[in-house]
Amino acid sequence: MYRTVAQIDSAINILSSWFPHLFTRVALPEASVQGRPVYALRVRAGSGTGRRGVLIVGGTHARELMNPDAIIELAIDLLLSYSNGTNIRYGGKTFTADDVKLILEAMDIWLLPCVNPDGRHHVMTVDDMWRKNRRDNPGTPCDGVDLNRNADLVWGVAQGQTSCSPCADIYCGPSAFSEPETRNVKHILDSERIVSFVDVHSFSELVLYPWGHAPTQSTDPSQRFTGLPTGTCTASIPSTYAEYMHPRDVQRFRTVAGRIVADIAAVRGRRYTAQTSYALYPTTGTQGDYAYSRHIANSSLRKTYGFTFETGPNTGNAAESFHPTDPTLVKRDAKAAMLALLQQSVCAIELIGLRLFAGDAEAAALRTIRDDLLATTVAGREWIALFERAQFALLSAAMRDAKLLAGTGEVIRVAARSAGNRNAVFGEADSRRAISLLKSLRAKVKIPALQRDLDAVGDRIGQLTGRRVQQVIESLMKNKPGTGRKAPGARRRRRTKKRA
């Protein structure tokens with residue numbers, strides 16, 4: 001029922017050999033502890049360099065057999081959809097052919113189905129509840145390191161579900177990144193432009209995000225993991241300690257996790273819970289937290305939003321929960337979750353900029369407004385959230401219509417130019433152009449919630465016409481979507497409609 005390590009490797013080889021326009025097999029730098037080669041699969045369509053990337057890994061814990069299979073099957077689903085122009089349907093959730101085309105042509109998707117091939121082989125031939133890799137721990141009768149405690153984030157602190165005992169299932173290893181399997185994951189993060197990461201585990205029906213070693217807070221930036229003791233195997237994190245996260249990132253994690261949970265529920269009604277990893281139990285050295293922490297520990301590194309999925313329910317029987325007799329339905333949930341993350345990782349402004357403009361200047365100017373100004377206030381972050389939840393559907397509509405795409409690009413260009421001149425006036429011509437674009441987009445998308453978001457943007461444009469760009473930005477930072485005085489034109493339009 002479940003694929004062996006050899007069958008997973010064969011699937012990767014077949015996909016890359018038969019469909020090289022979509023798949024590339026990449027041998028990772030290090031073999032496993034027992035000498036097995038470890039392969040990743042890059043999935044992409046179209047051209048372009050330096051594209052955004054998403055890294056999806058599975059099989060970190062050996063006994064969680066269904067997730068590597070789900071990742072391989074996701075690759076096959078993407079192939080069939082892109083090649084045939086067909087939708088992907090998982091129960092009640094549909095990802096359209098246009099959705100898939102946009103994802104594959106916008107980003108590089110890195111799939112590492114089986115991080116831990118030695119452990120998987122051991123589970124399928126010797127011990128079906130084995131969790132760790134197969135390292136020999138010298139001086140002890142015990143083998144293995146928990147690969148999801150081995151990353152360089154508060155490593156070696158025996159906090160909650162982390163142990164320094166070589167015989168424990170949650171043994172963190174002799175040093176951070178002591179294991180070749182975890183170094184392979186780090187290699188991809190180091191080498192590629194990974195903006196989102198997920199480590200797919202089982203079980204408990206959860207979508208987890210940082211932090212795992214302490215509660216999260218957004219008021220005291222001095223509380224950073226970089227100041228915590230590591231590697232001692234004796235110290236613990238004080239119970240009063242809470243790890244800082246910028247409010248913008250808290251919002252981003254919650255928004256993306258919420259979308260993932262909603263798309264899983266659409267498959268067959270399973271209600272996953274989105275929460276911090278700490279809310280499940282305290283841990284240190286996990287891969288999802290490490291992926292996100294990198295840009296904090298080293299400001300020269302890019303930011304990667306790191307998640308962990310816990311697929312499938314607790315059935316009351318551990319073996320059946322980790323590797324159910326029939327995992328078909330759980331794998332559908334998992335694939336919907338992975339596709340939802342892929343959708344949420346596309347950046348509309350960046351993609352349109354690469355398609356229509358020379359360089360990244362427009363996207364960079366708008367990112368500055370978003371991250372340095374809007375992200376600093378509650379109202380500003382709500383405007384960011386509005387855009388992020390709407391952007392994929394709007395981008396998908398624009399990419400199907402050359403005229404609409406060009407119009408969207410022109411609005412972005414004007415906005416980016418204005419961002420560099422705060423004393424410029426947001427004039428009538430700019431307002432008319434933006435409102436015309438919103439009307440065209442509204443006609444293309446039939447999702448009521450998205451139409452309401454577009455209406456909120458249109459109302460605010462009407463209110464801000466004639467103001468200086470600096471005043472526009474300040475208004476967005478102060479007033480949430482749906483608040484403030486309605487534009488006179490908007491009120492008149494509504495009254496006319498009622499009389500008709």
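The values are calculated or read from the model by the stated rules, or taken from the named source; none is laboratory data. Keep in mind it's a predicted model, so treat the numbers as computed, not measured. Positions of Cβ are generated from backbone atoms using ideal geometry, with glycine treated the same way; all protein chains shown enter the neighbour counts.
Tabulated results
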quantity	calculated
Residue list for the range 222-238, filter: over 23 Å from the mean Cα position of the chain (by Cα), part of a loop (DSSP other than H, G, I, E, B), over 13 Å from Pro282 (Cβ atoms) and in contact (Cβ under 8 Å) with a residue 24 or more places away in the chain	Pro229, Thr230, Gly231, Thr232, Cys233, Thr234, Ala235
Test for Arg417: is it more than 29 Å from the chain's Cα centre (by Cα), surrounded by fewer than 17 Cβ atoms within 10 Å (Cβ to Cβ) and among the charged types (D, E, K, R)	yes
The range 439-471: number of residues that are polar (S, T, N, Q) and touching a residue at least 40 places away in the same chain (Cβ under 8 Å)	1
Cβ pairs under 6 Å, 6+ apart, first in the range 284-308 and free of Cβ contacts under 8 Å to residues at least 40 places away in the same chain, second buried (at least 16 other Cβ atoms within 10 Å of the Cβ) and part of a helix (DSSP H, G or I)	Leu301/Arg294
Scope the range 169-194; condition under 15 Å from His61 (Cα atoms) and of a type in the set (A, V, I, L, M, F, W, C); matching residues	Ile170, Cys172, Val185
Extreme residue, nearest to Arg294 (Cα to Cα), among residues of the range 141-167 that are without any contact (Cβ under 8 Å) to a residue 24 or more places away in the chain and not acidic (Asp, Glu)	Ser163
Residue that is surrounded by the fewest Cβ atoms within 10 Å (Cβ to Cβ), among those in the range 178-211 that are part of a loop (DSSP other than H, G, I, E, B) and out of contact with any strand residue (DSSP E or B) (no Cβ under 7 Å at 6 or more places or on another chain)	Ser178
Scan of the range 190-218 for residues that are of a type in the set (Ser, Thr, Tyr), closer than 18 Å to Thr284 by Cα and within 11 Å of the chain's Cα centre (by Cα), ordered by number	Tyr209
Boolean, Trp110 is modelled with pLDDT of 95 or more, among the aromatic types (Phe, Trp, Tyr) and assigned to a loop (DSSP other than H, G, I, E, B)	no
Subset of the range 50-107 (residues that are modelled with pLDDT under 95 and farther than 28 Å from Val445 by Cα)	Gly50
Some residue of the range 242-263 being closer than 30 Å to Arg36 by Cβ, surrounded by 23 or more Cβ atoms within 10 Å (Cβ to Cβ) and touching a His at 6+ places or on another chain (Cβ under 9 Å)	no
Residue that is farthest from Leu342 (Cα to Cα), among those in the range 108-139 that are free of Cβ contacts under 8 Å to residues at least 60 places away in the same chain and β-branched (Val, Ile, Thr)	Val126
Residue among Asp108, Asp136 that alone is within 27 Å of Leu28 (Cβ to Cβ), assigned by TED's automatic domain parsing to the domain that holds Thr49, surrounded by fewer than 23 Cβ atoms within 10 Å (Cβ to Cβ) and over 26 Å from the mean Cα position of the chain (by Cα)	Asp136
Among the candidates Tyr290, Tyr241, residue that is out of contact with any helix residue (DSSP H, G or I) (no Cβ under 7 Å at 6 or more places or on another chain) and either assigned to a helix (DSSP H, G or I) or at positive phi (or both)	Tyr290
Residue in the range 346-367 that is under 24 Å from Ala70 (Cα atoms) and either at pLDDT 90 or above or of a type in the set (Phe, Trp, Tyr) (or both) present	yes
Matching option when the condition is assigned by TED's automatic domain parsing to the domain that holds Leu280, assigned to a loop (DSSP other than H, G, I, E, B) and more than 19 Å from the chain's Cα centre (by Cα), among Val154, Val115, Val123	Val154
Subset of the range 382-413 (residues that are basic (Lys, Arg) and under 17 Å from Gly258 (Cα atoms))	Arg389
The lone exception for Arg422 - which of (1) assigned to a loop (DSSP other than H, G, I, E, B); (2) surrounded by fewer than 19 Cβ atoms within 10 Å (Cβ to Cβ); (3) at pLDDT 80 or above it fails	(3)
Flag if Gln251 is at pLDDT 95 or above and out of contact with any Gly (no Cβ under 9 Å at 6 or more places or on another chain)	no
Count of residues meeting criterion [of a type in the set (A, V, I, L, M), part of a helix (DSSP H, G or I) and under 29 Å from the mean Cα position of the chain (by Cα)] in the range 444-486	8
Tally, over the range 264-287, of residues that are crowded, with 17+ Cβ neighbours inside 10 Å and part of a loop (DSSP other than H, G, I, E, B)	7
